[in-house]
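Student: Take a look at the following structure, please.
The values are calculated or read from the model by the stated rules, or taken from the named source; none is laboratory data. Owing to the predicted nature of the structure, the values given are computational and were not obtained by experimental measurement. Cβ coordinates were reconstructed from backbone atoms using ideal geometry, including for glycine residues, and neighbour counts include every protein chain displayed. Each accessible area value is taken on the protein alone, full model and side chains, heavy atoms only, with ligands, DNA and RNA left out. Shrake-Rupley method; radii C 1.70, N 1.55, O 1.52, S 1.80 Å.
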Amino acid sequence: DLAQSPFLNFLPDARIRATLPMMGHTATERLTPDLARQVCQRASGKAVLSGSITLIGSQYVIGLDAANCATGDSIAKEQVTAASKEKVLGALDSAATKLRGELGESLASVQKYDTRLEDVTTPSLEALKAYTLGMQKHTQNDETGALPYFKHAVELDPNFAMAYARLGVAASNLSEYDIARQAAKQAFDLRDRTSERERIYIQARYYDSVTGDLNKVIDTYQLSIQTYPREDSAYNNLGGVYLALGQREKAVSLYQQTIQIAPDSAHAYSNLARAYLDSDRLAEAKAVCAQALARFPEDPSIHKDLMEVAFLEGDADGMKKRVDWAIGKPSESEALSFESSVQAHYGHLAKSQELNHRSIEAARRDGFPTAESLMFFADLEAFLGEPAAARQDATEALSESQGRVVQYGAMTVFAKLGDAARAESFAEASAKDMPEATILNQLWIPNVRATIELGRGAPEKAIAALEPTTPYEFSTYGGMLSHYLRGQAYLMEKKGADAAGEFQKVLDHPGLVGTDAVGPMARLGLARAYVVSAASSTGDQAQAFKSKARAAYQDFLALWKDADPDLPALKQAKAEYAKLQ
């Protein structure tokens with residue numbers, strides 16, 4: 001009862017009422033010394049004050065003790081007596097005045113927490129501390145460092161819903177998608193134990209990682225922004241959804257707002273740079289990266305963004321500088337994978353394979369899964385006409401994991417290899433597993449089915465299969481491939497102008513294409529489209545198209561001037577170009 005004295009300063013009662021339910025207590029519960037100290041720590045306070053009153057004979061002995069929240073050590077004490085009950089408040093006033101003087105000196109020497117404990121629901125203070133440390137790492141874009149803390153948090157409190165949700169985010173950012181999905185589902189199952197703010201976030205993560213229904217994700221994050229306008233994660237995550245949908249300007253705006261709310265979030269800067277790159281706003285992406293590097297010099301995502309900026313500027317030394325920075329760090333595997341994709345972009349497939357093997361070795365050394373990386377590279381090999389290598393890498397990936405993302409990759413690889421039955425089997429299984437998933441069902445599976453139809457020589461069916469992809473033509477997750485496939489279908493139909501239009505869309509968005517091999521292959525496709533147009537034209541118009549075709553072939557051959565000489569696409573391009581001379 002002394003803790004309610006008007007003579008002393010305490011945490012506002014409303015703050016205590018808000019904190020107690022997150023600890024598994026009722027808002028009206030009496031504060032024991034241990035419970036009060038936990039509240040103090042969660043509020044990043046310095047000291048907790050306890051009081052006692054004891055009747056000895058006819059006198060009342062009143063004690064006040066201020067203890068360090070973090071250690072429990074006493075930092076100031078006062079004890080006074082009152083001759084009667086009527087004089088207790090006066091004696092308490094005198095004790096409080098003396099204690100204030102002592103606290104004025106002692107509190108100044110108490111070190112405050114560097115970071116405020118997060119306002120999330122768990123009865124375990126130790127679990128909350130682990131979660132907070134994980135959030136520190138997450139904010140710094142260090143998901144490798146964050147993951148063990150979130151895992152420890154759920155070990156300490158198996159019902160810690162937000163720790164599962166954040167564990168899922170960290171795992172997803174590390175491409176451990178099966179772990180991410182399971183964690184998001186566990187958080188969703190525990191959502192009724194949380195506050196409304198936490199529940200909205202958990203639901204959004206569930207729709208994103210488990211069902212893949214991006215419309216529900218958008219609705220949920222918009223509700224979060226309306227209800228909690230200072231919740232930076234809602235802006236940041238909603239930006240990612242809009243990038244997936246290809247709505248790049250909306251993503252840019254949301255990431256800009258994220259930075260305004262959370263200027264210390266490395267994620268926000270990296271994501272804004274990604275949105276600028278997808279929007280082909282290279283100068284702005286470069287400027288954001290420079291700002292971010294000054295604030296977060298050790299952030300791996302910023303260095304990766306700068307690798308891509310250097311690639312788009314044709315700055316080989318700049319790319320090498322970023323790759324060299326990553327060597328020996330947890331981001332080494334990702335940096336080597338990026339360099340591998342750059343080499344493939346220029347037709348150096350043997351060098352690309354070497355770098356990819358180094359990337360896989362680095363990932364295994366650092367304890368990261370490799371099946372998804374193997375399948376990604378198998379897809380690249382299949383695209384560039386190396387079926388044996390592609391099949392071998394795909395088989396190895398499937399032997400390591402039957403996870404969702406590996407199976408997504410498998411359907412694409414086998415479609416490109418002409419194994420329609422196996423590709424369709426993976427596509428059907430994926431659609432059954434996630435019938436509501438937006439990108440899977442509206443973009444990836446249509447791309448796979450269009451690839452199958454092209455392999456069968458059925459361009460009309462390929463174009464029909466691609467119809468659902470139209471709203472997602474600028475998606476960061478495969479929109480440019482849809483254009484390329486549609487261009488290939490028009491080539492088969494001898495519709496040169498339509499094919500050229502699709503290939504040109506790919507070439508018009510280098511930031512969105514990045515190092516993807518669809519970029520150089522679109523150059524070759526454009527040359528072939530002009531040849532088709534020339535064949536269906538006469539006179540000066542035919543000559544104009546032939547001139548455009550020669551220029552397009554020259555662009556492709558210049559890009560691949562040092563390419564591996566036995567690549568099928570290079571051999572075919574040289575033969576086709578020779579016929580135009």
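Student: I'm trying to understand the selection: among the residues of segment 203-237, which are hydrophobic (A, V, I, L, M, F, W, C) and surrounded by 24 or more Cβ atoms within 10 Å (Cβ to Cβ)?
Tutor: We begin by selecting, within segment 203-237, every residue hydrophobic (A, V, I, L, M, F, W, C); these are 204, 210, 214, 217-218, 223, 225, 234.
204, 217, 234, listed by residue number.
Student: Oh, and also: Would you mind stating whether residue 470 is closer than 22 Å to residue 439 by Cβ, among the polar types (S, T, N, Q), under 38 Å from the mean Cα position of the chain (by Cα) and buried (at least 19 other Cβ atoms within 10 Å of the Cβ)?
Tutor: Working: closer than 22 Å to residue 439 by Cβ: yes; among the polar types (S, T, N, Q): yes; under 38 Å from the mean Cα position of the chain (by Cα): yes; buried (at least 19 other Cβ atoms within 10 Å of the Cβ): no.
Against the criterion (closer than 22 Å to residue 439 by Cβ, among the polar types (S, T, N, Q), under 38 Å from the mean Cα position of the chain (by Cα) and buried (at least 19 other Cβ atoms within 10 Å of the Cβ)), residue 470 does not qualify.
Student: Follow-up. If I go through segment 223-260 residue by residue, how many of them are in contact (Cβ under 8 Å) with a residue 60 or more places away in the chain and basic (Lys, Arg)?
Tutor: Counting residues in segment 223-260 that are in contact (Cβ under 8 Å) with a residue 60 or more places away in the chain and basic (Lys, Arg) gives 1.
Student: Tell me, please, whether a residue that is within 28 Å of residue 338 (Cβ to Cβ) and either open to solvent by 20 Å² or more (accessible area, probe 1.4 Å) or not in a helix (DSSP H, G or I) (or both) can be found in segment 530-550.
Tutor: As a first pass, look at segment 530-550 and keep what is within 28 Å of residue 338 (Cβ to Cβ): none.
Among the residues of segment 530-550, not one is within 28 Å of residue 338 (Cβ to Cβ) and either open to solvent by 20 Å² or more (accessible area, probe 1.4 Å) or not in a helix (DSSP H, G or I) (or both), which makes the answer no.
Student: I would also like to ask the following. Residue 64 is checked against (1) modelled with pLDDT of 75 or more; (2) open to solvent by less than 20 Å² (accessible area, probe 1.4 Å); (3) touching a strand residue (DSSP E or B) at 6+ places or on another chain (Cβ under 7 Å) and fails just one. What number does that condition carry?
Tutor: (1)
Student: Looking at residue 516, is it assigned to a loop (DSSP other than H, G, I, E, B), in contact (Cβ under 8 Å) with a residue 60 or more places away in the chain, under 34 Å from the mean Cα position of the chain (by Cα) and surrounded by fewer than 22 Cβ atoms within 10 Å (Cβ to Cβ)?
Tutor: Numbers: assigned to a loop (DSSP other than H, G, I, E, B): yes; in contact (Cβ under 8 Å) with a residue 60 or more places away in the chain: yes; under 34 Å from the mean Cα position of the chain (by Cα): yes; surrounded by fewer than 22 Cβ atoms within 10 Å (Cβ to Cβ): yes.
Considered against the rule, which asks whether it is assigned to a loop (DSSP other than H, G, I, E, B), in contact (Cβ under 8 Å) with a residue 60 or more places away in the chain, under 34 Å from the mean Cα position of the chain (by Cα) and surrounded by fewer than 22 Cβ atoms within 10 Å (Cβ to Cβ), residue 516 comes out as yes.
Student: Please identify the pairs in which a residue from segment 495-507 that is in a helix (DSSP H, G or I) has its Cβ atom under 9 Å from the Cβ atom of a residue that is aromatic (Phe, Trp, Tyr) and surrounded by fewer than 20 Cβ atoms within 10 Å (Cβ to Cβ), counting only partners at least 6 apart or on another chain.
Tutor: Note: no pairs meet the criteria.
Student: Being within 39 Å of the chain's Cα centre (by Cα) and without any contact (Cβ under 8 Å) to a residue 24 or more places away in the chain is the filter; apply it to segment 538-558 and report the residue that is farthest from residue 344 (Cα to Cα). Can you show your working first?
Tutor: Just the residues of segment 538-558 that are within 39 Å of the chain's Cα centre (by Cα), to begin with: 552-558.
With the extra rule that they be without any contact (Cβ under 8 Å) to a residue 24 or more places away in the chain, the set shrinks to 554, 557-558.
Values: 554: 19, 557: 14, 558: 15 Å.
Filtering first and then ranking leaves 554.
Student: Just checking, which of 359, 337, 373 is buried (at least 19 other Cβ atoms within 10 Å of the Cβ) and at pLDDT below 95?
Tutor: Numbers: 359 fails: at pLDDT below 95; 337 fails: at pLDDT below 95.
Exactly one of 359, 337, 373 is buried (at least 19 other Cβ atoms within 10 Å of the Cβ) and at pLDDT below 95, namely 373.
Student: Out of everything in segment 393-424 that is touching a residue at least 12 places away in the same chain (Cβ under 8 Å) and of a type in the set (Asp, Glu), what residue ends up being surrounded by the most Cβ atoms within 10 Å (Cβ to Cβ)?
Tutor: Applying the filter and picking the extreme gives 393.
Student: Just name the residue that is nearest to the chain's Cα centre (by Cα) out of those in segment 306-334 that are aliphatic (A, V, I, L, M) and open to solvent by 20 Å² or more (accessible area, probe 1.4 Å).
Tutor: Restricting attention to segment 306-334, the residues satisfying the condition of being aliphatic (A, V, I, L, M) are 306-307, 309-310, 312, 316, 319, 323, 326-327.
Keeping just the survivors that are open to solvent by 20 Å² or more (accessible area, probe 1.4 Å) gives 306, 312, 316, 319, 327.
Working: 306: 17, 312: 22, 316: 27, 319: 22, 327: 22 Å.
The residue in question is 306.
Student: I've got another one for you. Out of 146, 153, 127, I need the residue that is aliphatic (A, V, I, L, M), part of a helix (DSSP H, G or I) and in contact with a Leu (Cβ under 6 Å, 6 or more places away or on another chain). Which one?
Tutor: On the way: 146 fails: in contact with a Leu (Cβ under 6 Å, 6 or more places away or on another chain); 153 fails: in contact with a Leu (Cβ under 6 Å, 6 or more places away or on another chain).
After applying the criteria, what remains is 127.
Student: How many residues does segment 260-301 hold that are crowded, with 18+ Cβ neighbours inside 10 Å and out of contact with any helix residue (DSSP H, G or I) (no Cβ under 9 Å at 6 or more places or on another chain)?
Tutor: Number satisfying all stated conditions: 0.
Student: Kindly evaluate residue 170 against the criterion of being open to solvent by less than 20 Å² (accessible area, probe 1.4 Å) and within 18 Å of residue 330 (Cβ to Cβ). Steps first, answer last, please.
Tutor: On the way: open to solvent by less than 20 Å² (accessible area, probe 1.4 Å): yes; within 18 Å of residue 330 (Cβ to Cβ): yes.
When the stated conditions are applied, residue 170 passes them.
Student: Could you please give the count of residues in segment 551-560 that are in contact with a Phe, Trp or Tyr (Cβ under 8 Å, 6 or more places away or on another chain), among the aromatic types (Phe, Trp, Tyr) and in a helix (DSSP H, G or I)?
Tutor: Start the filter on segment 551-560 by keeping residues that are in contact with a Phe, Trp or Tyr (Cβ under 8 Å, 6 or more places away or on another chain), which leaves 552-554, 557, 559-560.
When the remaining residues are screened for being among the aromatic types (Phe, Trp, Tyr), the result is 553, 560.
From what is left, the residues that are in a helix (DSSP H, G or I) are 553.
So the count comes out to 1.
Student: Residues that are in contact with an Asp or Glu (Cβ under 6 Å, 6 or more places away or on another chain) and at positive phi: does segment 175-192 have at least one? Step through it out loud before you land on a result.
Tutor: Step one: of segment 175-192, the residues in contact with an Asp or Glu (Cβ under 6 Å, 6 or more places away or on another chain) are 175.
Still in the running and at positive phi: 175.
Yes, the conditions are met somewhere in segment 175-192.
Student: Taking only segment 425-462 into account, find how many residues are part of a helix (DSSP H, G or I) and open to solvent by 40 Å² or more (accessible area, probe 1.4 Å).
Tutor: If we filter segment 425-462 for residues that are part of a helix (DSSP H, G or I), which is where we start, we get 425-433, 438-455, 459-462.
Retained after the next criterion (residues that are open to solvent by 40 Å² or more (accessible area, probe 1.4 Å)): 425, 428-429, 432-433, 442, 444, 449, 455, 460-461.
Looking only at that region, the number is 11.
Student: Now a separate question. Just give me the residues in segment 132-184 being of a type in the set (S, T, N, Q) and over 11 Å from the mean Cα position of the chain (by Cα), in sequence order.
Tutor: So the first thing to find is which residues in segment 132-184 are of a type in the set (S, T, N, Q), and the list is 132, 136, 139-141, 144, 159, 172-173, 175, 182.
Once the filter is applied, which keeps residues that are of a type in the set (S, T, N, Q) and over 11 Å from the mean Cα position of the chain (by Cα), segment 132-184 yields 132, 136, 139, 140, 144, 159, 182.
Student: Another one. Out of the helices (runs of 4 or more DSSP H) lying entirely within segment 190-305, which hold 2 or more residues that are over 18 Å from the mean Cα position of the chain (by Cα)? Spell out how you get there, then give the answer.
Tutor: Details: elements: 196-206, 214-227, 232-245, 248-261, 266-278, 282-295.
In segment 190-305, 196-206, 214-227, 248-261, 282-295 are the helices (runs of 4 or more DSSP H) which contain 2 or more residues that are over 18 Å from the mean Cα position of the chain (by Cα).
Student: Any residue that is of a type in the set (S, T, N, Q) and in contact (Cβ under 8 Å) with a residue 12 or more places away in the chain - is there at least one of those in segment 521-537?
Tutor: Restricting attention to segment 521-537, the residues satisfying the condition of being of a type in the set (S, T, N, Q) are 533, 536-537.
Those left that are additionally in contact (Cβ under 8 Å) with a residue 12 or more places away in the chain: 533, 536.
There is at least one residue in segment 521-537 that is of a type in the set (S, T, N, Q) and in contact (Cβ under 8 Å) with a residue 12 or more places away in the chain.
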